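Step one of this worksheet: look at the structure below.
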Amino acid sequence: MSGPTPLSFHVPGPAVRPGGAPDFSDVPISRAGEVRRPEVDAAPEDIRDLAFSIIRVLNRDSEAVGPWAGLLSDAELLEGLRHMMTLRTFDARMQMAQRQGKTSFYMQHLGEEAVSCAFRKALAPGDMNFPTYRQAGLLIAGGYPMLDMMCQIYSNELDPLKGRQLPVLYSSREHGFFTVSGNLATQYIQAVGWAMASAMKGDTKIAAGWIGDGSTAESDFHAGLVFASTYKAPVVLNIVNNQWAISTFQGIARGGSGTFAARGLGFGIPALRVDGNDYLAVHAVARWAVGRARRNLGPTLIEHVTYRVGAHSTSDDPSVYRPKAESDAWPLGDPVLRLRNHLIRRGAWSEERHRQAEAEILSTVIAVQKEAEGHGTLHSGPHPSARDMFEGVYETMPPHLRRQRQQGGV
Amino acid sequence: MARKTMVEAIRDAMDVCMQRDDNVVVFGEDVGYFGGVFRCTQGLQQKYGESRCFDAPINESGIVGAAVGMAAYGLRPCIEIQFADYMYPAYDQIVSEAARLRYRSNGQFTAAMVVRMPTGGGIFGGQTHSQSPEALFTHVSGLKTVVPCNPYDAKGLLIAAIEDNDPVIFLEPKRLYNGPFDGQHDKPVTPWARHALGEVPDGHYTVPLGKAAIRRAGAAVTVLAYGTMVFVAETAAEQAGVDAEIVDLRSLVPYDLETIAASVAKTGRCVVVHEATLTSGFGAELSALVQENCFYHLEAPVMRVAGWDTPYPHAQEWDYFPGPARVARALKAVMEA
């Protein structure tokens, strides 16, 4: 009699590695305009299909089609295009500044600009985002001064955070941007707690939580879903699926299940997937989810399907773990070009005006950068005072810290 | 003045704060309808409604993380972790998040919140219901850590903690919930109702964070203790026949160096007692502080009495527990050194 068959261990891997031909054939893409738009008060169990399709508005001919189209004016779309272009230019300059040794670290948004820029425009003043390090578009589209962003990156004398935080871990209560943590997923449950507080106080503000595909493996992602579901918190829970968690492909966090959005279904949370490279689609879905939260109908989970074209950070080298041409093969295209082409198609924009805008934006960003660098960079001060290092650990400095500050001679 | 148990005093503190400030909210596992497994929150939901006091899912990271979000909004959560032993899943939220919000946001976001948790052994709780993790908190910049030893302090310190604008870890020695405990485990617990320290004023009062109390004046040796060990030290001093001065720290961070140093300068000897494991325990910090600040007054090395460096055993609980006999031996040893 033979013994039991030996078991075998399974580790999922991406379709291709460097040297192979980029392959996204396993990514099912819905046609633009194809996915239905339910009423905002639809029961979660009636819209389960939306966790498996992809809501898209812009088609291959740069037309806005289907039930999620028609929500934004030309002026609003032009503003959105400018936000995305600004973020891209800002990224390029700050990436270069890091390479020039002006700061220690930078994380860019290349390819993902639509997600945060479009989402921000669906929020109202007073709403609070609990972002990751890749949602600077929330700040740019929300009117946060770029000078403050750069000074934070340079840890210079005007750094609003006094040199205490890694570059790009911004914080602005006034602009609805919760202080970013380097520990992953912690902010997700905090977003839910903030939203619960708003409901407990009978307020009208809502929260938005943000997480990357890789971090959905963290326990706090699940804590966030449990609490959001239990207390029907007025929160929009975003997952930005940009395919890569540093070098780890999204299947490691997702396992064999259908989609990240489907994670919400077990919690009874309405879950939608959206083309994260389609400004119009992201905005439309965000508006739907925000409207739902605002009407006290509870949380919504949104999976933004996108692609991280750039490296994870300035410390990363994606050529080691994925084909160089993979970003070009990404089937959902480039968010800036897609919106540009749509506006041209609408007659509201032109290639010439686009080139002019690129030049204007670059010149503005460079001017702000010069101003920021006038206040110091990481390795060539002026910096916040070492005395500041001891402030703000507690509301009032306790005696032991005061003694240490004196010992430090500051 | 009413005599109350520590449980009643703690409940009273939350009641007073909830009455005075609509932003104070209480939640955690079993704390709503049931009133908490130790009944510390009993009646609060009935009095203040479900949006002020409610049950939470069994997810400690979720409880603390949600509280951080609420505090960032402007509420003042006073949350319960059912046993201090269960706080490990929430440790990241406490240490990396609550403790640092003020610092990393330059004051734009703060976490004015209290994390209450029953701590310590002596109830045959085994490895998962007996731990004293205070050193895991005192090591963290941005947190305050408080351990009361009687109902009066428990109420006053908890009100001060809830009103404090920094995150406070409030460790409740569960062996003291119903009365003082002298370390004689085969004797019945003396109820607070028959103990002077059980007197608790009605209404609002505070015991300031960062101020120690002299529980027993003495001239021969200083005992630094907190929580349950304050009473164990008293019994040990009597057993050893040593004129010990017992300093109850009450708040570990911030700590009251002034009172500690003044006492050791007076007595010239020091024994540090805590229930947590010895190595890298808070006693090591106290010992170093005494050495740094009182070296020229010392007539003997500082000694530490603590739990052994093992997990808290179930059946051998009383061999693990730093009882009066061990403390008395240390007192005699420093007197003879």
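Within region A:290-312, if we keep just the residues that are part of a helix (DSSP H, G or I) and among the hydrophobic types (A, V, I, L, M, F, W, C), the residue that is nearest to A:Leu58 (Cα to Cα) turns out to be A:Val290.
Among the residues of region B:191-213, is there at least one that is more than 29 Å from B:Ala261 (Cβ to Cβ), without any contact (Cβ under 8 Å) to a residue 60 or more places away in the chain, among the acidic types (Asp, Glu) and surrounded by fewer than 16 Cβ atoms within 10 Å (Cβ to Cβ)? For region B:191-213, residues more than 29 Å from B:Ala261 (Cβ to Cβ), without any contact (Cβ under 8 Å) to a residue 60 or more places away in the chain, among the acidic types (Asp, Glu) and surrounded by fewer than 16 Cβ atoms within 10 Å (Cβ to Cβ): absent. Beta carbons closer than 8 Å, at least 6 apart along the sequence or on distinct chains, pair a first residue in region B:295-310 that is over 15 Å from B:Met229 (Cα atoms) with a second that is hydrophobic (A, V, I, L, M, F, W, C) and modelled with pLDDT under 95 for B:Glu299/B:Ala337; B:Ala300/B:Ala337; B:Pro301/B:Ala337. Among the residues of region A:158-168, the one identified as under 20 Å from the mean Cα position of the chain (by Cα) and free of Cβ contacts under 8 Å to residues at least 24 places away in the same chain is A:Gln165.
No other residue among B:Gly69, B:Gly74 is of a type in the set (Gly, Ala, Ser) and surrounded by fewer than 20 Cβ atoms within 10 Å (Cβ to Cβ) apart from B:Gly74. Right, A:Phe260: in contact with a strand residue (DSSP E or B) (Cβ under 7 Å, 6 or more places away or on another chain) and not charged (D, E, K, R) or not? Yes: the conditions hold for A:Phe260. Go through the residues of region A:365-388 one by one and say whether even a single one is within 14 Å of chain B (Cβ to nearest Cβ) and farther than 30 Å from B:Asp256 by Cβ. Scanning region A:365-388 turns up at least one residue that is within 14 Å of chain B (Cβ to nearest Cβ) and farther than 30 Å from B:Asp256 by Cβ. When we screen A:Ala271, A:Ala348, A:Ala289, A:Ala359 for residues that are among the aliphatic types (A, V, I, L, M) and touching a Ser or Thr at 6+ places or on another chain (Cβ under 6 Å), the only hit is A:Ala289.
The set of residues from region B:246-290 being surrounded by fewer than 24 Cβ atoms within 10 Å (Cβ to Cβ) and at positive phi comprises B:Gly268, B:Ser280. Might you let me know whether region B:167-181 holds any residue that is among the hydrophobic types (A, V, I, L, M, F, W, C), part of a helix (DSSP H, G or I) and within 14 Å of chain A (Cβ to nearest Cβ)? Within region B:167-181, none of the residues are among the hydrophobic types (A, V, I, L, M, F, W, C), part of a helix (DSSP H, G or I) and within 14 Å of chain A (Cβ to nearest Cβ). The set of residues from region A:83-115 being in contact (Cβ under 8 Å) with a residue 40 or more places away in the chain and among the polar types (S, T, N, Q) comprises A:Thr86, A:Thr89, A:Gln95, A:Gln98, A:Thr103, A:Ser104, A:Gln108.
Beta carbons closer than 6 Å, at least 6 apart along the sequence or on distinct chains, pair a first residue in region A:299-322 that is closer than 30 Å to A:Thr230 by Cβ with a second that is aromatic (Phe, Trp, Tyr) for A:Glu303/A:Phe260.
Table: residues versus (1) surrounded by 15 or more Cβ atoms within 10 Å (Cβ to Cβ); (2) out of contact with any Pro (no Cβ under 9 Å at 6 or more places or on another chain); (3) of a type in the set (Val, Ile, Thr).
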| residue | (1), (2), (3) |
| --- | --- |
| A:Pro4 | no, yes, no |
| A:Ala15 | yes, no, no |
| A:Gly19 | no, no, no |
| A:Pro22 | yes, no, no |
| A:Pro28 | no, yes, no |
| A:Ala32 | yes, yes, no |
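Scanning region B:203-261 for residues that are of a type outside the set (A, V, I, L, M, F, W, C), in contact with an Asp or Glu (Cβ under 6 Å, 6 or more places away or on another chain), within 23 Å of B:Glu336 (Cα to Cα) and not in a strand (DSSP E or B) yields a count of 2. In the set (1) in contact with a Cys (Cβ under 9 Å, 6 or more places away or on another chain); (2) closer than 14 Å to B:His185 by Cβ; (3) aliphatic (A, V, I, L, M), the condition left unmet by B:Val302 is number (2).
Going through region B:50-102 one residue at a time, which ones are basic (Lys, Arg) and more than 7 Å from every other protein chain (Cβ to nearest Cβ)?
Step one: of region B:50-102, the residues basic (Lys, Arg) are B:52, B:76, B:100, B:102.
Residues satisfying the conditions are B:Arg52, B:Arg76, B:Arg100.
With respect to the conditions (1) out of contact with any Cys (no Cβ under 9 Å at 6 or more places or on another chain); (2) of a type in the set (Ser, Thr, Tyr); (3) crowded, with 23+ Cβ neighbours inside 10 Å, B:Thr41 lacks only one, and its number is (1).
Starting from residues that are under 23 Å from the mean Cα position of the chain (by Cα) and charged (D, E, K, R), keep the ones in region A:195-217 and report whichever is surrounded by the fewest Cβ atoms within 10 Å (Cβ to Cβ). Step by step, filter region A:195-217, then rank; the result is A:Lys205. When we screen A:Ser215, A:Ser181, A:Ser155, A:Ser171 for residues that are facing chain B (nearest Cβ under 7 Å) and either in contact (Cβ under 8 Å) with a residue 12 or more places away in the chain or in contact with a strand residue (DSSP E or B) (Cβ under 6 Å, 6 or more places away or on another chain) (or both), the only hit is A:Ser181.
For region B:51-154, the helices (runs of 4 or more DSSP H) that sit wholly inside it and include 3 or more residues that are among the aliphatic types (A, V, I, L, M) are B:60-73. Scanning region B:174-190 for residues that are without any contact (Cβ under 8 Å) to a residue 60 or more places away in the chain and out of contact with any Lys or Arg (no Cβ under 7 Å at 6 or more places or on another chain) gives B:Arg175, B:Pro180, B:Asp186, B:Lys187, B:Pro188, B:Val189, B:Thr190. If you go through region A:184-197 and keep only what is at the interface with another protein chain (Cβ under 8 Å from one of its Cβ atoms) and out of contact with any strand residue (DSSP E or B) (no Cβ under 7 Å at 6 or more places or on another chain), you end up with A:Thr186, A:Ile189, A:Gly193, A:Met196, A:Ala197.
For region A:319-352, the tally of residues that are under 26 Å from A:Val57 (Cβ atoms) and either polar (S, T, N, Q) or surrounded by fewer than 15 Cβ atoms within 10 Å (Cβ to Cβ) (or both) stands at 12. Would you be able to say whether some residue in region B:285-293 is of a type outside the set (S, T, N, Q), farther than 21 Å from B:Thr138 by Cβ and in contact with a helix residue (DSSP H, G or I) (Cβ under 7 Å, 6 or more places away or on another chain)? Within region B:285-293, none of the residues are of a type outside the set (S, T, N, Q), farther than 21 Å from B:Thr138 by Cβ and in contact with a helix residue (DSSP H, G or I) (Cβ under 7 Å, 6 or more places away or on another chain). Taking region B:203-227 as the range and being touching a helix residue (DSSP H, G or I) at 6+ places or on another chain (Cβ under 8 Å) and more than 30 Å from A:Tyr394 (Cβ to Cβ) as the test, the residues that pass are B:Arg216, B:Gly218, B:Ala219, B:Ala220, B:Val221. Being touching a Ser or Thr at 6+ places or on another chain (Cβ under 9 Å) and assigned to a loop (DSSP other than H, G, I, E, B) is the requirement here; does A:Glu34 meet it? The answer is yes for A:Glu34.
The values are calculated or read from the model by the stated rules, or taken from the named source; none is laboratory data. Just so it is clear, the model here is predicted, and its values are computed rather than measured. Every residue, glycine as well, gets a Cβ built from its backbone with ideal geometry; the counts of neighbours run over all protein chains shown.
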